[in-house]
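Each remark here refers to the structure printed beneath this line.
The numbers here are math on the coordinates, done by the rules we state, and not lab data. On a predicted model such as this, the values are computed, not experimentally measured, just so you know. Ideal geometry is used to build each Cβ from the backbone, glycine not excepted, and the neighbour counts take in all protein chains shown.
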Amino acid sequence: MKTTGLLVIAFSIFLTQGFAQNADSLLRTLDSGKADTKVDAVFKSTRVVLSHSTETQKKHDLDLRIRHHFGDIGGRFGNAHTLYGLDVASDLFIGLDYGVTDDFTVAVGRSKQDELFNFSGKYKLLKQKSDGAMPVNLTMFAQLGLVAREPFTDSEFATYSNRFSYFFQALISRKISSRLSLQAMPGLLMRKNTSESRDPENLFSIGFAGRMKLTKRLSFVADYTLVNGLSRPTDLSQAYYNPLGVGLEIETGGHIFSLNFMNSEYILENNFIPGTKKNWGDGGVRFGFTISRNFTLFKSKNKDPDKASKIY
Amino acid sequence: MIWAKNSIKILFCTSFMLIQLSASAQSYVGRNVKAAIFSSTPIEDIRAVSVNGTAAIISKTKEVVVQIPIKSLTFDRKLMQEHFNENYMESDKYPQAKFKGTIDQDIDFSKAGEYNVTVTGTLSIHGVDKVRTIPGKLTIGDGVLQIFTEFKVACVDHKIKIPKLVITKIAEVISVKVDGKLNLLK
């Protein structure tokens with residue numbers, strides 16, 4: 001009988017503790033499983049240096065992007081005679097990227113090289129989760145290139161379809177830490193306009209890219225694309241090199257400025273993957289910059305006054 | 001005789017348990033607490049809102065806790081939202097904004113009505129704790145509490161740095177509004 005009494009007392013003490021909750025522990029019972037685990041801002045921009053990143057435009061955001069690649073810093077075409085390449089514009093690019101949804105971006109642009117027009121689509125398929133449910137981001141990218149320039153020879157664009165090139169890429173990235181993000185991207189470029197018969201029309205490539213945040217708004221970025229020696233012989237009569245770019249990326253609100261150094265003369269994948277003829281070793285490196293400005297469209301569609309922002 | 005002693009013991013314990021149970025029934029909790037922030041400068045007004053806040057009030061101890069997940073604050077410009085989380089709030093490191101305090105006034109929670117109260121406690125935002133006395137309104141209904149408060153938070157108090165380049169666009173003092181309904185926990 002005595003043990004029963006003791007048990008009852010023990011039970012009541014247990015109950016007391018069970019119910020003597022403070023507000024903190026009460027709150028914890030509400031919070032279970034509600035945390036947002038999506039990993040944001042794997043890269044600050046939709047481009048790393050030369051290559052795309054897994055990022056897409058936000059819904060209804062229009063990005064105006066102006067890019068410039070100067071001439072060789074050293075070597076035969078560089079040095080003081082061209083002010084270390086600054087006299088030369090090896091490629092220029094103006095483009096618009098628009099976010100149809102948060103995951104789907106369409107883009108149009110035009111490059112100086114080959115008077116290349118490009119139309120592209122980019123779709124974010126998988127998104128990294130911080131709870132480990134999804135370890136990587138996966139974005140699919142497709143780009144159509146149209147060479148608009150006059151043919152150099154009568155036979156160059158024998159049929160109009162020879163002016164087109166098609167580029168497909170799967171971008172896989174992971175934000176390792178809040179500072180470091182890494183990316184790998186296998187790709188395939190299909191084209192007709194090759195320089196020699198041994199140069200294959202279909203070029204496989206695999207790229208690697210990374211971002212290291214130095215401060216909250218300043219990052220070191222780099223990318224490298226392996227293409228020569230993969231499906232393309234390395235002993236073509238014209239020597240081609242693998243594009244390597246490094247740069248600093250500065251973000252201020254809706255602007256991103258990138259200051260880059262790269263061996264590739266050209267800006268778009270459809271040009272720089274098959275056409276990089278300069279290399280870092282003999283002064284073929286050049287300076288380049290990107291200016292990106294984001295505009296949010298359809299702000300009037302937002303009817304929620306609690307979210308309304310306004311620029312006077 | 002022994003039998004009587006034991007029944008008294010059991011009776012005592014049972015009544016003790018009942019008292020405890022009734023005391024615990026004085027907790028109020030709320031999900032979907034609305035929190036809005038507002039930054040105003042002559043150049044730009046910025047607003048964001050979350051409806052994912054949680055709150056708890058214990059009437060016996062007059063304890064109040066309100067918590068807002070930073071990532072749940074939504075802006076009409078998603079890029080701005082990303083910058084808010086990445087560059088200002090560092091919400092991966094400091095995922096919650098939280099206020100925990102006690103009501104300074106004596107409130108009879110059994111009496112319906114509207115009470116103007118102040119709550120003194122710790123406001124923690126961006127990993128920085130600050131002791132604050134925040135005024136608010138408490139409306140007591142039948143098993144329901146309505147809370148409302150409006151107060152200001154200085155970014156510098158919580159080590160939220162605003163770069164010089166955007167100082168004209170982001171206010172140094174942000175207005176915060178919290179509005180929520182709490183139900184009696186059964």
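A few notes on this one:
- Using alpha-carbon coordinates, inclination of helix B:2-24 to the longest axis of chain B, degrees: 20 degrees
- Integer Hz, Karplus 6.51/-1.76/1.60 couplings in order for segment B:108-121, x for Gly and Pro: 8, 5, 8, 9, 5, x, 10, 10, 8, 10, 10, 10, 9, x
- Computed E for A:ALA170/B:THR139 - FRET, C-beta separation, R0 41 angstrom, nearest 0.05: 0.15
- Candidate aspartates and glutamates - alpha carbon under 13 Å from B:LYS152, same-chain residues fewer than 8 apart omitted: B:GLU172
- Inter-chain shielding of A:258-266 (mean C-beta neighbours from other protein chains, 10 Å cut-off): 0
- Contact order relative to length of chain B, as percent, for alpha carbon pairs under 8 angstrom and 6 or more apart: 24 percent
- The distance separating the Cα centre of segment A:236-312 from that of segment B:131-179 comes to 39 Å.
- Helix A:2-19 and the long axis of chain A differ in direction by around 40°, with both axes built from C-alpha atoms.
- Highest to lowest packing among A:147-158, A:181-192, scored as the average C-beta count within 10 Å: A:181-192, A:147-158
- Segment A:61-297, relative contact order in percent, only Cα pairs under 8 angstrom and at least six apart counted: 19 percent
- Chain A: calculated mean residue ellipticity at 222 nm from DSSP helix runs of at least 4, using -39500 (n - 2.57): -3500 deg cm²/dmol
- Listing B:ARG77, B:ARG132 from fewest to most neighbouring C-beta atoms within 10 Å gives B:ARG132, B:ARG77.
- Anchor B:LYS181: lysines whose Cα lies under 19 Å away (excluding residues fewer than 8 positions away in-chain): A:LYS34, B:LYS34, B:LYS60, B:LYS62, B:LYS98, B:LYS100, B:LYS111, B:LYS137
- Neighbouring partner chain Cβ atoms per residue of B:78-86, average, 10 Å criterion: 6
- Applying the criteria of a DSSP loop state and at most 10 other Cβ atoms within 10 Å to the GluC sites (Glu not before Pro) of segment A:191-296 yields A:GLU196.
- Two-site label geometry, B:ASP45 and B:ASN32: point separation in nm, points 7 Å out along Cα→Cβ: 2.7 nm
- Shielding by partners, peptide B:55-63 (average Cβ within 10 angstrom, other chains): 3
- Here the protein assembly as shown is treated as an ellipsoid with the same Cα gyration tensor; its semi-axes, largest first and in whole Å, are 62, 25, 18.
- Near the amide H of A:LEU226, within less than 5 Å, lie the amide hydrogens of A:ILE206, A:GLY207, A:PHE208, all on another chain or at least 5 residues away, with H placed in the peptide plane.
- Relative contact order [Cα under 8 Å, 6+ residues apart], segment A:165-235, whole percent: 26 percent
- Each residue of segment A:70-86 was assigned a 3J(HN,Hα) from its phi angle through the Karplus curve 6.51 cos²θ - 1.76 cosθ + 1.60 (θ = phi - 60°); the sequence is 7, x, 4, 6, x, x, 5, 9, x, 6, 5, 5, 10, 6, 6, x, 6 Hz, with glycine and proline shown as x.
- Local electrostatic count, B:HIS126, Cβ distance below 14 Å [Lys/Arg +1, Asp/Glu -1]: +2
- Table column - 3J(HN,Hα) (Hz), segment A:268-274, Karplus curve with 6.51, -1.76, 1.60, x for Gly and Pro: 8, 3, 4, 9, 7, 5, x
- The amide H of A:ARG232, built 1.01 Å from its N in the peptide plane, has no neighbour under 5 Å, considering only residues 5 or more places off or on other chains.
- Judged by the mean number of other Cβ atoms found within 10 Å, the most tightly packed of the peptides A:42-48, B:61-67 leads the ranking A:42-48, B:61-67.
- In terms of other Cβ atoms within 10 Å, B:ASP179, B:ASP108 run from fewest to most in the order B:ASP108, B:ASP179.
- Remark: spin-label model distance A:PHE295-A:LYS129 equals 3.8 nm, labels positioned 7 Å along the Cα→Cβ axis.
- Spacing of the modelled spin labels on A:ASN202 and A:SER231, each 7 Å from Cα toward Cβ, amounts to 0.5 nm.
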